[in-house]
Amino acid sequence: MGAGGSALTGWAARMPLTIFTTTKIARAMITKSKMVCRKAPYFSTIAPRFETLEPGLVVVGMPKRRAVHNHIGTVHALAIGNLCELAAGTMLEASLPRTHRWIPKGMDIQYLAKAESDLVARCEWDQVVPTAGEVIPVVVSVTDRAGTEVSRATIRMWVSPKPARAAQAA
């Protein structure tokens, strides 16, 4: 056994455990990003990286790279919209009980500043799960590397109980 009774040896035994925990968390977030992109391939166009994915909160980043540039070299508006929809959808997926489903019905998006760096979308939700079908507004805020809000979207999500047969299979 290494330092502190761990199974690590050599230099690894002398390193703080947080490094290994952080690395495991980073790998898990990359894996989650790939899983989401496999399920909905269009999201892979923005190369998302989840930072937080838990009930009621999603934080997902998007690197600024040539593939998402517009004609003036900033992040394209539709790539930002894609990031917003990803954040809202995964937040609901993590927050709703298995007995419910969701689908986007519309999006209102404001572009507040040029997106000239990597971006981070944050989506929080603390609403009551509807017992019948209902349109729920889900707000997503997108900030740049400096913390400036570059975009804000309200995505109207139709949330409803799954039909009885589908709910039993879940």
Whole-percent carbon and sulfur share, accessible surface of region 51-170, 1.4 Å: 51 percent
Computed accessible area, residue 93, all protein chains, 1.4 angstrom probe, square angstrom: 120 Å²
Euclidean distance between Cα centres, region 119-153 to region 79-117, Å: 7 Å
Region 42-170: relative contact order as a whole-number percent, Cα under 8 Å and 6+ apart: 27 percent
Local net charge near residue 113, Cβ-Cβ under 10 Å (Lys/Arg +1, Asp/Glu -1): -2
Low-density loop positions, trypsin sites (Lys or Arg not before Pro), region 93-153 - DSSP coil, at most 16 other Cβ in 10 Å: 98, 114, 145
Shape call, region 48-157: gyration tensor on alpha carbons, a/c limit 1.5: prolate
Under-5 Å amide H pairs with residue 156, H placed in peptide plane, nonlocal only: 105, 106, 107, 108, 138
Summed residue charge, Cβ within 14 Å of residue 64's Cβ, Lys/Arg positive, Asp/Glu negative: +2
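The values are calculated or read from the model by the stated rules, or taken from the named source; none is laboratory data. For clarity, every value in this text was computed on a predicted model and none was experimentally measured. So basically every Cβ, Gly included, is an ideal-geometry build from the backbone, and we count neighbours across all protein chains shown. With ligands, DNA and RNA removed, areas are computed over all heavy atoms of the protein, side chains included. Shrake-Rupley method; radii C 1.70, N 1.55, O 1.52, S 1.80 Å.
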